[in-house]
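Q: What follows is a structure written as structure tokens; I'll ask about it next.
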Amino acid sequence: MAEIKIVCDYPHSPRKVWRAMTDPDLIPHWTSTGQGARAVGFEPVVGNRFQFVAKPVPGWRGIVDCEVLEVRDQKLLRYTWIGSEGENPSYVTYLLEPTPDGTRFTYHHTGFTGVSGFAMSKLLGAVRKKMLTTGLPALLANLDETGTPRQPSTDA
């Protein structure tokens, strides 16, 4: 069984990181470094079913079906991930831990099985690493401390 585990430290509060990771309007800003998925119908509420919708590519319909399994506000989000119709779910966990300098964010995706699961974990792992080391830091830099996007400067 394969898995993806990525740990990043961000110089931002757990509140701000949580909002960036769970606000449906903000999610496409950091996922744009991957496939640019939108979270359709997402709410961080146990039992909520939602989809990540991105541009389809050969061999993938562009939709991931998910269900929220566990939520602890500003600390933990866990949900199922079904990338292709008929496949068994895998499981994604976001863990946020306060640090003296901000937040340690752990992305953990488990449950990949077989040869195809191993290959998918390698592909998704590379995409997630880029999202979490390039896309998310850029978004966080553009949010105020409450997680609200800063207005662009109108200075000439």
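The values are calculated or read from the model by the stated rules, or taken from the named source; none is laboratory data. Just so it is clear, the model here is predicted, and its values are computed rather than measured. Because the Cβ atoms are built from the backbone with ideal geometry, glycine has one as well, and the counts that use them run over all protein chains shown. Note: accessible area is taken over every heavy atom of the protein model, side chains too, but ligands, DNA and RNA are not part of it. Shrake-Rupley method; radii C 1.70, N 1.55, O 1.52, S 1.80 Å.
Q: Every residue in the stretch 49-64 that is open to solvent by 50 Å² or more (accessible area, probe 1.4 Å) and under 20 Å from G111 (Cα atoms), please. First the steps, then the outcome.
A: Here is the first cut: in the stretch 49-64, the residues open to solvent by 50 Å² or more (accessible area, probe 1.4 Å) are 49, 51, 55-61.
The answer is R49, Q51, W60.
Q: Given G86, G135, which one is open to solvent by 20 Å² or more (accessible area, probe 1.4 Å), within 19 Å of V53 (Cβ to Cβ) and not β-branched (V, I, T)?
A: Just a single option satisfies the conditions, and that option is G86.
Q: Considering only residues of the stretch 1-21 that are of a type in the set (G, A, S) and outside any strand (DSSP E or B), which is surrounded by the fewest Cβ atoms within 10 Å (Cβ to Cβ)? Give the derivation first.
A: Here is the first cut: in the stretch 1-21, the ones of a type in the set (G, A, S) are 2, 13, 20.
Of the ones still in play, those that are also outside any strand (DSSP E or B) are 13, 20.
Numbers: S13: 18, A20: 24.
Here the answer is S13.
Q: Quick check on my filter: what residues within the stretch 110-143 are in contact with a Ser or Thr (Cβ under 6 Å, 6 or more places away or on another chain) and within 22 Å of L69 (Cβ to Cβ)?
A: Residues satisfying the conditions are G111, F112, M131.
Q: While we're here: Inspect all residues belonging to the stretch 22-33 and state whether any of them is in a loop (DSSP other than H, G, I, E, B), over 22 Å from R61 (Cα atoms) and of a type in the set (G, A, S).
A: no
Q: Restricting the first residue to the stretch 46-62 and requiring it to be without any contact (Cβ under 8 Å) to a residue 40 or more places away in the chain and assigned to a strand (DSSP E or B), which pairs with a second residue that is polar (S, T, N, Q) and open to solvent by 80 Å² or more (accessible area, probe 1.4 Å) meet a Cβ separation below 9 Å and a spacing of at least six or different chains?
A: Listed by first residue and then by second, the contacts come to F52/Q35; V57/Q35; W60/Q35.
Q: Also: Within the stretch 63-108, track down each residue that is in a loop (DSSP other than H, G, I, E, B) and touching a residue at least 60 places away in the same chain (Cβ under 8 Å).
A: Pass one, the stretch 63-108, residues in a loop (DSSP other than H, G, I, E, B): 73-75, 83-89, 100-101.
Those that are in a loop (DSSP other than H, G, I, E, B) and touching a residue at least 60 places away in the same chain (Cβ under 8 Å): Q74, K75, D101.
Q: Please tell me if V17 is among the aliphatic types (A, V, I, L, M) and over 20 Å from L132 (Cβ atoms).
A: no
Q: Tell me which residues, restricted to the stretch 106-132, are more than 11 Å from the chain's Cα centre (by Cα), open to solvent by 70 Å² or more (accessible area, probe 1.4 Å) and not hydroxyl-bearing (S, T, Y).
A: Once the filter is applied, which keeps residues that are more than 11 Å from the chain's Cα centre (by Cα), open to solvent by 70 Å² or more (accessible area, probe 1.4 Å) and not hydroxyl-bearing (S, T, Y), the stretch 106-132 yields V115, F118, M120, K122, L123, K130.
Q: I need every pair where a residue in the stretch 113-139 that is more than 24 Å from E87 (Cα to Cα) has its Cβ under 7 Å from the Cβ of a residue that is of a type in the set (S, T, N, Q) and assigned to a helix (DSSP H, G or I), sequence separation at least 6 or different chains.
A: Once the first residue is more than 24 Å from E87 (Cα to Cα) and sits in the stretch 113-139, its partners that are of a type in the set (S, T, N, Q) and assigned to a helix (DSSP H, G or I) give M131/T31; G135/T31.
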